[in-house]
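The values are calculated or read from the model by the stated rules, or taken from the named source; none is laboratory data. All values reported here derive from a predicted model rather than from experimental measurement. Glycine also receives a Cβ, built like all others from the backbone with ideal geometry; neighbour counts cover every protein chain displayed.
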Amino acid sequence: MKTFLKTILLFALLGVLPLLLPSYFTGILIRIMILIIFAMSLDLLMGYTGLTPLGHAAFFGISGYTMALLSLKIFHGSMPFIGFAAGIVAAILCAAILGLIVVRTKGVYFMMVTLALGQMFWGLAVKWQQLTGGTDGLAGISRPSITFASLNFSKEINFFYFVLVLFGLSYFIMSLLLGSPFGHTLIGIRENEKKMEILGFNTWLHKYIAYIIAGTFAGLAGMLDVYYYQFVSPEILDIGNSIGALIAVILGGSGRLFGSVIGAALYVCLEQFISAYTQRWVMVVGLLFILVVIFAPLGLSPLLSRLWISMRKPQKNRVGQ
Amino acid sequence: MEFIFLQLFNGISWAMLLFLFTAGFTLIFGLMKIINLTHGSYYLFGAYFGIVVISYAKNLLVTAIIGGIGIAILGMLMQRFLLHRYETSHQTQVLLTFGFTLFFADLALSIWGGEPKTIPVPHLLESSIRLGGLTLPVYRFALILIGLLTAALLWCFLKSKFGMLVRAGIENEEMTAGVGVNISLLKTLTFAGGAFLAGLAGVIGGPVIGVYPGLDMQILLLSLVIVIIGGMGSLKGAFIGSLLVGLIDTFIKALFPTFSLFAIFFIMAVTLVVRPSGLFGSE
């Protein structure tokens with residue numbers, strides 16, 4: 001209950017932030033929230049199930065493209081929530097089909113197959129120019145609005161609250177899921193799959209469902225990203241995008257939901273800060289990735305929490321000595 | 001008919017280049033259990049390095065060997081100082097080498113820029129052979145020859161004493177070290193050998209496909225598909241897989257260019273469903 005209240009408080013705080021900070025930060029906060037949803041979906045597989053996908057941007061891009069194409073070519077900006085729903089359905093369908101192939105594989109094979117499949121979608125988006133516009137992408141996608149409630153999300157501050165609500169929902173659902181018997185079974189599979197099988201769990205089905213859920217949330221993040229930029233290009237299917245989420249998870253520490261929050265916030269802030277000084281952001285990301293894997297394989301949040309504990313209980317330590 | 005023969009010829013030469021690259025990747029995994037996603041960057045740097053060297057050396061063969069050695073040294077450094085510490089964790093290897101791929105890709109972009117570049121075809125191999133109505137460039141014949149030669153050499157190497165020692169070291173490291181074999185040197189040399197092949201492939205592939213940013217991922221991806229189809233760590237699998245992917249890629253590119261990648265991944269998916277560990281892989 002206490003953690004629940006704390007979480008609510010944090011969300012409320014986040015909701016007030018854009019009112020206090022200059023409007024420049026609203027965009028950054030939106031990007032952080034989108035990356036958190038994406039990173040959480042990745043961590044569900046990476047940290048909780050023990051499967052590390054290297055091409056997670058596939059779902060991010062598929063729902064983004066589906067929504068963008070529907071709203072540009074068929075609905076012409078009207079009825080945005082059909083496009084929204086279609087984007088989610090596309091991500092679910094895609095995960096359900098790819099999952100049949102991918103979840104059969106383990107360990108290294110899983111990583112390689114997901115990397116290869118992810119690149120396939122990227123290649124398709126680049127080459128299928130009549131549909132996707134190739135590397136030029138598609139522009140002019142309008143943000144959704146609810147006409148009967150006269151809510152229009154095209155203004156950035158309104159869109160912020162739209163993302164905040166979806167982010168809050170995602171976080172809530174994820175933490176419910178991970179606290180449920182289903183989540184515990186996933187952790188069991190991560191630790192010892194054979195044992196879980198012997199105990200009578202259908203491990204394949206658990207992994208398959210986890211894969212679909214992860215794909216769904218990645219799709220949600222992708223759609224929000226397309227809404228935010230009002231633009232879609234093959235870049236959102238690129239490995240760079242998958243890597244962004246991977247770094248956010250590793251930076252924060254995989255296998256804990258709040259790690260994704262810390263990691264994503266750090267990543268977006270770093271990107272913002274470093275790209276202001278140098279064109280070589282990708283090089284810095286690569287280096288950062290290498291350094292974190294070598295020196296902080298468990299991420300920064302264990303370090304932070306240790307720091308937090310030692311700051312809160314200095315007295316006790318002294319007594320101990 | 002002519003179309004089929006021409007594409008067959010192009011496909012086989014492309015397959016041999018892919019094999020040269022993939023052989024290094026799969027051997028490093030097969031013999032050392034290390035997944036090295038930086039292999040694509042080795043190819044890229046081999047090719048760029050070749051462009052620099054050839055302006056001095058003026059000879060493609062010399063350039064290819066120098067390029068290969070340069071990349072072998074790079075690989076040796078990475079294995080010696082970093083990768084050997086993570087021999088037991090595939091996930092760490094993958095993430096680490098993924099990071100290196102990003103780093104090297106941006107490094108190459110900052111040094112050589114975004115323009116595509118090529119390595120000139122050597123004068124000796126510049127001509128083409130006329131067969132019926134077809135004109136087949138000699139250089140591609142040379143590529144096929146080099147690929148076959150490499151396959152034969154690698155096969156002999158695996159059967160040789162050195163190859164046996166490396167395999168013994170993988171099966172039981174302590175025992176092999178116990179009979180007086182310097183395992184860590186053996187591993188570094190094997191890794192260097194794999195990197196050498198990637199660098200070599202980069203240089204001799206230069207006259208055919210050139211060099212440009214993004215080529216590293218493109219070629220790594222094809223070789224991932226090859227090892228998934230052929231089976232991780234199997235030389236035979238790499239050879240058959242290369243032929244399959246090289247031919248399909250060439251034919252589909254000529255017929256339906258939009259869906260070439262799609263077709264290749266479709267084959268990969270089918271293989272995974274039928275044989276999850278690949279055609280020649282072992283669990």
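Going by the structure shown, is B:L124 within 14 Å of another protein chain (Cβ to nearest Cβ) and either under 19 Å from the mean Cα position of the chain (by Cα) or not in a strand (DSSP E or B) (or both)?
Here the answer is no, as B:L124 does not meet what is asked.
Which residue out of B:G246, B:G233, B:G237 is touching a residue at least 24 places away in the same chain (Cβ under 8 Å), within 13 Å of chain A (Cβ to nearest Cβ) and out of contact with any Lys or Arg (no Cβ under 6 Å at 6 or more places or on another chain)?
So the residue among B:G246, B:G233, B:G237 that is touching a residue at least 24 places away in the same chain (Cβ under 8 Å), within 13 Å of chain A (Cβ to nearest Cβ) and out of contact with any Lys or Arg (no Cβ under 6 Å at 6 or more places or on another chain) is B:G233.
Could you tell me whether any residue of region A:190-211 is assigned to a helix (DSSP H, G or I), free of Cβ contacts under 8 Å to residues at least 12 places away in the same chain and of a type in the set (V, I, T)?
Among the residues of region A:190-211, at least one is assigned to a helix (DSSP H, G or I), free of Cβ contacts under 8 Å to residues at least 12 places away in the same chain and of a type in the set (V, I, T), which makes the answer yes.
Tally the residues that are in a helix (DSSP H, G or I), among the aromatic types (F, W, Y) and more than 14 Å from chain B (Cβ to nearest Cβ), restricting the search to region A:257-282.
Counting residues in region A:257-282 that are in a helix (DSSP H, G or I), among the aromatic types (F, W, Y) and more than 14 Å from chain B (Cβ to nearest Cβ) gives 2.
Filter region B:24-58 for residues that are among the β-branched types (V, I, T) and assigned to a helix (DSSP H, G or I); which is nearest to the chain's Cα centre (by Cα)?
Here the residue is B:T26.
For (1) closer than 20 Å to B:L44 by Cα; (2) more than 14 Å from chain A (Cβ to nearest Cβ); (3) surrounded by fewer than 20 Cβ atoms within 10 Å (Cβ to Cβ), each residue gets a yes or a no:
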position	(1), (2), (3)
B:A192	yes, yes, no
B:A195	yes, yes, no
B:V203	yes, yes, no
B:V211	yes, yes, no
B:V227	yes, no, no
B:F266	no, no, yes
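I want to confirm something. Restricting to region B:98-120 and keeping residues that are surrounded by fewer than 18 Cβ atoms within 10 Å (Cβ to Cβ), in contact (Cβ under 8 Å) with a residue 60 or more places away in the chain and part of a loop (DSSP other than H, G, I, E, B), which single residue is farthest from the other protein chains (Cβ to nearest Cβ)?
Selected residue: B:P120.
Name every residue in region A:283-316 that is part of a helix (DSSP H, G or I), away from every other protein chain (no Cβ under 14 Å) and within 21 Å of the chain's Cα centre (by Cα), in order of residue number.
A:S301, A:P302
Checking A:A95 against (1) touching a Lys or Arg at 6+ places or on another chain (Cβ under 7 Å); (2) within 27 Å of A:I212 (Cβ to Cβ), which single condition isn't satisfied?
(1)
Tell me, which helices (runs of 4 or more DSSP H) lie completely within region B:155-273 with 3 or more residues that are at pLDDT 85 or above and within 27 Å of B:N59 (Cα to Cα)?
Ranges flagged: B:183-209, B:215-230.
Looking at (1) touching a strand residue (DSSP E or B) at 6+ places or on another chain (Cβ under 7 Å); (2) at the interface with chain B (Cβ under 10 Å from one of its Cβ atoms); (3) not hydrophobic (A, V, I, L, M, F, W, C), which one does A:K127 not meet, given that it meets all the others?
The single condition A:K127 does not satisfy is (1).
Let's see how each residue does on (1) among the small types (G, A, S); (2) modelled with pLDDT under 90; (3) in contact with a His (Cβ under 8 Å, 6 or more places away or on another chain):
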residue	(1), (2), (3)
A:E193	no, yes, no
A:F201	no, yes, no
A:A214	yes, no, yes
A:F217	no, no, no
A:G222	yes, no, no
A:D225	no, no, no
A:Q230	no, yes, no
A:S242	yes, yes, yes
A:G253	yes, yes, no
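Would a scan of region A:131-152 turn up a residue that is out of contact with any Cys (no Cβ under 7 Å at 6 or more places or on another chain), modelled with pLDDT of 80 or more, part of a helix (DSSP H, G or I) and buried (at least 18 other Cβ atoms within 10 Å of the Cβ)?
Scanning region A:131-152, I find at least one residue that is out of contact with any Cys (no Cβ under 7 Å at 6 or more places or on another chain), modelled with pLDDT of 80 or more, part of a helix (DSSP H, G or I) and buried (at least 18 other Cβ atoms within 10 Å of the Cβ), so the answer is yes.
On the given criteria, is B:L95 buried (at least 17 other Cβ atoms within 10 Å of the Cβ) and within 14 Å of another protein chain (Cβ to nearest Cβ)?
yes
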